[in-house]
Amino acid sequence: MDKLLQILSELHPDIDFETQDKLIDGMILDSFDIVTLISEISEVFDVTISAEHIIPDNFNSARALYALIQQLEDEE
Amino acid sequence: MLFTSYEFIGFTAILLFVYYLIPQKYQWMLLLLFSYIFYYMADPAYLIYILTTTITIYFTACLIEKNADRQSAFLKQHKETLLRDEKKAYKDGQKRIRRRTAGLCILLNIGILAAVKYTNFLIGNVNGMLQAFGQEKQLSFVSLVLPMGISFYTFQAIGYLVDVYRGTVRAEKNPLKFALFVSFFPQLVQGPISRFGDLSKSLYEKHSFDSKAVCFGLQRILWGFFKKLVIADRILTGVTTIISDIDTYNGVYAFVGMVFYTLELYADFSGGIDITIGIAEALGITVQENFNRPYFSKSLKEYWRRWHISMCSWFRDYIFYPVSASKAMQKFSKFARKHWGDSIGKRLPVYAATFIVWFATGIWHGANWNFIVWGLANWCVLMISEELEPAYMQFHNRFHLDKKPAYKLFQTARTFLLVCCLNMFDCYSSVAETFRAFGTMFTAGNWGVLREGALLNLGLSMLDYGILVFGVIVLLAVSLVQRSGSVREKIGRKPYPIRVCLWFGMFLLIILLGAYGVGYDSSQFIYNRF
């Protein structure tokens, strides 16, 4: 989780990602951020997030995103 | 049948009357019937194309879902006996089948779209190359029907198929209901490009007569007519005059032309969408909004979140994300990180995927180099803005200007002018002409002609300008009021006589000030041709 929080805070240093749960709905992360995130996550966690996983529910909070990463790690 | 024609008004009135008269369980069937009549009246030949898309996508979606269900059942049945690797191999195999099935169907439908829309563009380019290499032989152009709204309904149907493939919506089992989703007539011509998950909620429901919904729908239609007939079709004369003769109308005229065109485009397109949403609303159906006061944007990036929202989100979800999340792009990212460092490696996939999206957006708008260059020009501006973002942040943090109203106004005006410049590609007949017209703004030195009444030489009289100024002020005022909530809701809370006066006044304004009848060509909405 710490690694993910670090990736996120590099994108938006001014956001508290531990508490924020409206990253997409609140338009904090835009499509460019999401693609950068996918690329970073792929590099750090060695999992592939495909287009079908890019839905607001998976990206609205760091916790949800981490749950997705864990799910993908289990599958792979 | 044009949205602004008497036939269309009559057609919609009959539909509304019968819709609330028949048993509610037949309402969606009536909509399907009217949608096909609408399309048939445009040209019976169009039906072949829309039926092909409907049938192929319907069956492919059902096949994909059947495969996914079979997979779930199999895995459930063999939950205890299959090893983890065996399960994964089975799932990957089934997914590959579904991906190939969907891919083939998408290829077929994009192929149809490409064939009718881009064949002559391709032939023209091949001929140009043959000529450049000194070959005398030229290929003949072919005569092809370009079905009305094909870009819109093809994208809408493909979006549905991808959603079924991704498992975000269930496939529609009733072929006639699916046919209605593809052909729903108010949005067939110029969108919005609806998602099945959104539109189907209200499209197939039973609707009781709701006087408020019908009233609101009619008000929205009236507002659409105001934008189209009072602003867009009146300003059209000036735009046509300027862009048709670049030698006479250059410099300041080119500037006026690009501003006029940008106003016309918004009034025309959003007016058409108002009519679409209004009709749907009167029928009890919710169609998504396509605009969010785009000319109030403070950057081009924001503008593209507020203009033609359904198309932009379509490109984002079905092209941008799949391309940027693809294995090839991830490999490219790793390669770039390894060879050029983290900073470039992070950004390159985003820029590459955005390039593809903007190329596709450009060519989607039309088989013309103007549109391709327009798309790529947007891409360039967006990427430059992205690169300059840290510098902007530093500037804003240092001077704290971004909170000041005057600076916000400056940002809005700057974005509006930028959009005006980019829209010039849409106006002129070629890329070279566009650049020539743009260049004359800085070289012609004829800004003084404005004082000599030059604007009255554009086919618009003082009365026309008066009406246009009035129309734009009303549009601006409504947009400002909208920021704090629905204007119709606000008017709805006023006493009855005021409400009647307001809406009847709007009706009279359209009748008195609208540009229609002899001498006017309200023949097309701009986005019909896309």
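The values are calculated or read from the model by the stated rules, or taken from the named source; none is laboratory data. Only a predicted model underlies this, so the values are computations on that prediction, with no experimental measurement involved. Glycine gets a Cβ as well: all are built from the backbone with ideal geometry, and neighbour counts include every protein chain shown.
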Within the stretch B:507-529, is even one residue modelled with pLDDT of 90 or more and surrounded by 14 or more Cβ atoms within 10 Å (Cβ to Cβ)? no
The one condition in (1) surrounded by fewer than 18 Cβ atoms within 10 Å (Cβ to Cβ); (2) out of contact with any Phe, Trp or Tyr (no Cβ under 6 Å at 6 or more places or on another chain); (3) over 28 Å from B:Phe435 (Cβ atoms) that B:Ser385 fails to fulfil: (3)
Evaluate the stretch B:244-254: report whether one residue or more is part of a helix (DSSP H, G or I), within 14 Å of chain A (Cβ to nearest Cβ), free of Cβ contacts under 8 Å to residues at least 40 places away in the same chain and over 21 Å from B:Ile55 (Cβ atoms). no
Let me spell it out: the conditions are (1) free of Cβ contacts under 8 Å to residues at least 40 places away in the same chain; (2) small (Gly, Ala, Ser); (3) farther than 30 Å from B:Leu47 by Cβ, and B:Gly124 meets all of them except one. Which number is the exception? (3)
Lone unmet requirement of (1) over 26 Å from B:Trp304 (Cβ atoms); (2) surrounded by 12 or more Cβ atoms within 10 Å (Cβ to Cβ) for B:Cys427: (1)
Exactly one condition in (1) within 13 Å of chain A (Cβ to nearest Cβ); (2) in contact (Cβ under 8 Å) with a residue 40 or more places away in the chain; (3) surrounded by 18 or more Cβ atoms within 10 Å (Cβ to Cβ) is not met by B:Asn370; state its number. (1)
Quick check on this structure: which one of B:Phe435, B:Phe410 is surrounded by 11 or more Cβ atoms within 10 Å (Cβ to Cβ), aromatic (Phe, Trp, Tyr), under 33 Å from the mean Cα position of the chain (by Cα) and closer than 18 Å to B:Phe371 by Cβ? B:Phe435
Among the residues listed as B:Phe296, B:Phe320, B:Phe291, the single one being within 9 Å of another protein chain (Cβ to nearest Cβ), of a type in the set (A, V, I, L, M, F, W, C), surrounded by 17 or more Cβ atoms within 10 Å (Cβ to Cβ) and touching a helix residue (DSSP H, G or I) at 6+ places or on another chain (Cβ under 7 Å): B:Phe320
Do we have any residue at all in the stretch A:54-72 that's within 7 Å of chain B (Cβ to nearest Cβ), modelled with pLDDT of 85 or more and in a helix (DSSP H, G or I)? no
Residue by residue through the stretch B:375-403, note down the ones that are at negative phi and in a loop (DSSP other than H, G, I, E, B). B:Leu401, B:Asp402, B:Lys403
When every residue in the stretch A:33-52 that is surrounded by fewer than 20 Cβ atoms within 10 Å (Cβ to Cβ) and of a type outside the set (Gly, Ala, Ser) is compared, the one nearest to the other protein chains (Cβ to nearest Cβ) is A:Glu52
Subset tally (residues that are more than 9 Å from chain A (Cβ to nearest Cβ) and either touching a strand residue (DSSP E or B) at 6+ places or on another chain (Cβ under 7 Å) or closer than 28 Å to B:Gly111 by Cβ (or both)) for the stretch B:332-367: 15
Taking the stretch B:162-181 on its own, how many of its residues are surrounded by fewer than 21 Cβ atoms within 10 Å (Cβ to Cβ) and more than 14 Å from chain A (Cβ to nearest Cβ)? 7
Residue check: is B:Ser194 part of a loop (DSSP other than H, G, I, E, B), closer than 26 Å to B:Gly362 by Cα and more than 14 Å from chain A (Cβ to nearest Cβ)? yes
Test: B:Met441 is over 23 Å from the mean Cα position of the chain (by Cα), modelled with pLDDT of 90 or more, within 14 Å of B:Asn250 (Cβ to Cβ) and surrounded by 17 or more Cβ atoms within 10 Å (Cβ to Cβ): yes
Among residues of the stretch B:53-78, those that are surrounded by fewer than 19 Cβ atoms within 10 Å (Cβ to Cβ) and under 20 Å from B:Ile150 (Cβ atoms), counted: 3
